[in-house]
Every structure is written in C-alpha cells, then in structure tokens.
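See below for the structure under consideration.
The values are calculated or read from the model by the stated rules, or taken from the named source; none is laboratory data. Only a predicted model underlies this, so the values are computations on that prediction, with no experimental measurement involved. Neighbour counts run over all protein chains shown; Cβ positions are idealised from the backbone, glycine included. We work out accessible area using only protein heavy atoms, side chains counted, and drop any ligands, DNA or RNA first. Shrake-Rupley method; radii C 1.70, N 1.55, O 1.52, S 1.80 Å.
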Amino acid sequence: MSHTVLVTGGAGYIGSHVAVELIEAGYEVVVADNMSNCDMTCFEGVKKVTGRSDIPFYKIDCCDAESVARIFKEYRIDALIHFAAFKAVGESVAEPLKYFRNNLDSFMTVLGAAAGNGGCNVLFSSSATVYGEADSLPVTENSPRKPATSPYGATKQMCEDILEHTVKAGIGIKGTALRYFNPVGAHPSALLGELPRGVPNNLIPYVTQTAIGKRECLSIFGDDYPTPDGTCLRDYIDVTDLAKAHVAAVGRMIGGKMKRDYEIFNIGTGTPVSVLEIVRTFEQANGVKLNYRMAPRRPGDVTAIWADPSLANRELGWKAERRLSDTLESAWAWERHLAGKDD
Ligand SMILES: NC(=O)c1ccc[n+]([C@@H]2O[C@H](COP(=O)([O-])OP(=O)(O)OC[C@H]3O[C@@H](n4cnc5c(N)ncnc54)[C@H](O)[C@@H]3O)[C@@H](O)[C@H]2O)c1
C-alpha cells in the first residue's frame, strides 16, 4: 500500500515540485494551501506532469486548527511536509507580526493536528539563513546558528526549535529539518516554476524577467565583496534536485531509518557561485544578453554562504545532480512559458 504525504503550501514554488517528485516515487499526495502567495498555475502543472487529475486539494489556512484536523481525519497521513509560510525577508522586516503569526502559528497548528492523531513524520523547510554570516565555509549542520537578522529568519530558527522540542516530548512526532540553500530553476517540463508576485525578491526571477523585458535592468547589489569577482557567493540548488531530497528524507522517516528522532540536513550543491557567474551562465546557456548594472550593497546580504552537503549525500543517499546551465535553461523556459512564448 502506498503512503500518503500531506504537503502544506503545496501549490507554491517548492511544494509543487515536491508533489511531482513524491507522486513519481509512488506516494499519494494531499495538498493544502490558502493561496496567499500563489494561484493554481503550479498545481495545474503538477496534475499535467504526473497525469493525475485526482490529487486532493484543500484551500485552507494552516492556522485554522479545525480545517487541518479534518484532513487528518479523512486521510491516514504518514508524513507531513510543511511549506506553508511567508518568505519575503524585506517584508518580514516591515511587518514582523504578520510573519511571526503566520509562520509560527501555521506550523504549531499542523504539528498539533499531527500529534492529536497519534503522531506523524514531519519534515520542515528550513533555510541556510539560520547560519547568518558564517565563521567558516562551507557550513556543516554543526556550524552555529547566528542571531537572525530578519523576522523571517527568526521564524525559521524558532520552527526548528519548536520541531525539536515537540519531538523530545515523545508524543509520536519524528522530525527532519532540511536547510535549503538557494532554490532555483523550474521543472524541465516548463509547466511549473517560481511565480513571484510583484517585484521578485530572488535573483533568478529577476534575471528571467529582465531577459524577457518585464524589468528594465538587473541590479547586482555589491561588487566590492571580498570574493573572486567582488559579487556575493551562494549555493544555488536546482528545485528538482531539492524536491528529490524531500522524497529521500520522507523515505528515511517512513522507512524507520532515522538515526535520531530529530535530524537536520543541509541541502545544497557544495559549490559556491557568484552573482556575476549566474549572469554569464544564464547568457551563455540561453543565448540572450542581460541588461545589468552594479549597485551598492544591500543591507542584510551575507558575503558568502555555501553548504557542506556530505551528511545528506551519505545519510539520505541524495546528491545534487543538475548542472547550473540546465537549471538556468529551465528557468528561462518557464519565463517564456508564462509569456506564452514556448518553443
Ligand atoms: N524559495 C526559497 O528561496 C526558500 C529558501 C529556503 C526556505 N524556503 C522555505 O520553503 C517554503 C516554501 O517556499 P516557496 O519558495 O515554495 O514559497 P511559496 O510562497 O511559493 O510557497 C509557500 C506556499 O504556502 C502558502 N501559504 C502561506 N501561508 C499559508 C497558510 N497559513 N496556510 C496555507 N498555505 C499557506 C502560500 O500560498 C504558498 O503557496 C517556505 O517555508 C520557505 O520559507 C524557501
């Protein structure tokens, strides 16, 4: 019998890619999303890619305990992957309470429902932001967490702690936190991808929107960092590779292979890439010219961060596989799909 995974925030960018990979790996998936940061585009893409028009979808707010409890009553949920959160760092600085309320309450509500049903395997989407400006690179899971520089980052640290303490309480919850580095790209089908509302906060949607002419010019924030070309270094992880890490982690939890009841894994490539390298690789891979300019540093940006992913490689049997150029081709294909310019 196949196992059922509840994916909260599953109509969003990463959740929709994870839904595809879970279904392709033989899991049943139930999606819950309040549509606060998405429309049905990606969920429709999931149905098309998997050929499954019957994926259960619940338009609910995960802060609403009754609605969440109803899902746990209707299905035997073997694992829960929690993506439902707000994620714009800048907005979180301006509206901290909105972030603490949504990100903490939604997580505690789904955890409560899971515990109320005799327990569950819970996977939480954490972030490399927990490491802040790291003392040494690459960061391992044992690198210290630094005081959060934004309410968004604080919610990631707090949710990790909430999960760890809930696991320790011995109420049937096992937990995994995956610390994502920089998720990028789109599904190779170009039927799902990142769908930012308004001005993109992340680099790649800004790049693709500039290339297609929606934005005039890409600003590169800071060219005087102590890095080889002066621009910031990040670890860009393809969203399909990232999605496969979730499948591996869910399989480990359901298969009873965890070494501890609460585990943390870095999910990255292990390779630092500069902003300028992204621009050049994008131009080369897609044969387009990008209009960009150098701008002053942006407050809050760390100079460099990249993962030591060896724990995930070893324990999850997972490794990032897609080449950066393929990832950037997929991002461009997705932008063209959105503009109705598919090849
Ligand atoms: N994209 C990144 O760069 C990145 C990096 C590290 C961690 N993460 C984390 O991964 C998760 C998914 O990120 P994403 O990029 O797919 O974002 P996203 O905004 O595309 O997806 C999140 C989804 O959750 C939904 N949602 C938000 N609050 C909800 C609530 N209370 N109830 C129900 N649904 C709700 C939104 O409508 C959205 O569809 C988030 O928790 C995010 O913080 C993202």
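The residue pairs whose first member lies in the stretch 71-95 and is β-branched (V, I, T) and within 14 Å of the ligand (Cβ to nearest atom), whose second member is open to solvent by 20 Å² or more (accessible area, probe 1.4 Å) and part of a strand (DSSP E or B), and whose beta carbons are closer than 8 Å, counting only pairs six or more residues apart or on different chains, are I71/Y58. Only residues that are within 20 Å of the chain's Cα centre (by Cα) and either of a type in the set (A, V, I, L, M, F, W, C) or more than 13 Å from the ligand (Cβ to nearest atom) (or both) were counted in the stretch 96-125, giving 10. Just to be sure, is S106 out of contact with any Lys or Arg (no Cβ under 8 Å at 6 or more places or on another chain) and within 29 Å of T227 (Cβ to Cβ)? Considered against the rule, which asks whether it is out of contact with any Lys or Arg (no Cβ under 8 Å at 6 or more places or on another chain) and within 29 Å of T227 (Cβ to Cβ), S106 comes out as no. So, W334, is that one open to solvent by less than 20 Å² (accessible area, probe 1.4 Å) and either among the acidic types (D, E) or outside any helix (DSSP H, G or I) (or both) or not? So W334 fails the test. Kindly provide the set of residues from the stretch 182-239 that are of a type in the set (S, T, N, Q) and either outside any loop (DSSP other than H, G, I, E, B) or within 23 Å of T271 (Cα to Cα) (or both), ordered by number. Matches in the stretch 182-239: N182, N201, N202, T208, Q209, T210, S219, T227, T231.
Selection of the stretch 107-135 for residues being out of contact with any strand residue (DSSP E or B) (no Cβ under 7 Å at 6 or more places or on another chain) and either within 24 Å of A69 (Cβ to Cβ) or part of a strand (DSSP E or B) (or both) yields M108, T109, G112, A113, G116, N117, G118. If only residues of the stretch 17-43 that are within 10 Å of the ligand (Cβ to nearest atom), within 27 Å of G340 (Cβ to Cβ) and of a type in the set (S, T, N, Q) are counted, the one that is least open to solvent (accessible area, probe 1.4 Å) is S36. Annotation: I55 fulfils all but one of (1) within 14 Å of the ligand (Cβ to nearest atom); (2) surrounded by fewer than 21 Cβ atoms within 10 Å (Cβ to Cβ); the unmet one is (1).
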